[in-house]
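Laboratory data are not the source of any read-out in this text; all were calculated from the coordinates shown. On a predicted model such as this, the values are computed, not experimentally measured, just so you know. Cβ sites come from the backbone with ideal geometry, for glycine too, and all protein chains shown count toward neighbours.
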């Protein structure tokens, strides 16, 4: 980021933040059987097919970026690698972004697209009985909410350093407030754009999945939660994993010590990121083929 010479994201406009985020992207070298843009329930998406199989397992992926930045390009490499390593198809959802489209637009898009994919699995060449969902950061927040609120039954969910509590009152938000890519200032910037400064919304389970009651949490599928040691969202991700487990949801939680928020997208640079991708793919193979 210093080499790019750009200002901190929270000091600029959303448009500048999106451009700067894309500037950090490393183009993917992963080749797949097919990659094409599609529309699902009126939402732009991208389909990644690892093989010519006509009834393949599927991961529906919601990208991170604080509900404000990120798109199909920013997480293209992640989706390609998960498709390749999990031996499944992946569909990335290009949900609407705030502040142009504040909450609940992103969640509405994710539910609409996901519901459409389950209903149209055959035309997509996927098996409706073998569909998982997942996402990182804001995408992890959306995945957790889709799992409980959409009228579908995914077999597994992958939550990578998910945002689960908009109140931001965990120790990790203080310990890791500055210096590790995602900062407390930037997190406030994201939430302010997404929720339009509505503090009451931060305290509702519609946006903070950790506030969901146990009966609703039980609707979640088996889950892998990945966190990073030097991440403001570390504690809320781990607290959400504990809530899922206490509600009876088969849950695994893995913390990558020494890592920062965003590392999952840096597998060309970091061994831990490659390991996290491999771990995620292993869990996906297990649940998509069981």
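Taking 0.36 nm per residue of sequence separation and removing the Cα-Cα distance, the residue 203/residue 115 pair yields an extension gain of 29.0 nm.
When each of 71, 169 is scored by the number of other beta-carbon atoms lying within 10 Å, the sequence from fewest to most is 169, 71.
Per residue, the average separation of C-alpha pairs within less than 8 Å and at least 6 apart gives region 5-62 a relative contact order of 21 percent. A helix-only calculation puts the chain at -11000 deg cm²/dmol for mean residue ellipticity at 222 nm, using -39500 (n - 2.57) for each DSSP H run of at least four residues, averaged over all residues.
Could you work out the relative contact order of the chain? I mean the mean sequence separation of Cα pairs under 8 Å and 6+ apart, divided by the number of residues, in percent.
Here the relative contact order equals 17 percent.
Need one number: % antiparallel among DSSP beta bridges in region 22-288, to the nearest 5. Here the share of antiparallel DSSP bridges comes out near 30 percent. Using a simple spin-label model with pseudo-atoms 7 Å out from Cα toward Cβ, residue 282 and residue 73 lie 3.5 nm apart. Once the C-beta distance of residue 257 and residue 185 is scaled by a Förster radius of 25 Å, the resulting FRET efficiency is 0.55 to the nearest 0.05. Counting beta carbons within 10 Å around each of 207, 170, 161 and listing the fewest first gives the order 170, 207, 161. Put in order of Cβ neighbour count within 10 Å, fewest first, the listed residues 84, 203 become 203, 84. Note: relative contact order over region 60-135, using C-alpha pairs below 8 Å and six or more positions apart, is 37 percent. Rounded is the label for region 22-288. Its Cα gyration tensor axes, ordered a ≥ b ≥ c, give a/c under 1.5. Subtracting the Cα-Cα distance of residue 246 and residue 153 from 0.36 nm times their residue separation leaves 31.5 nm of extension gain.
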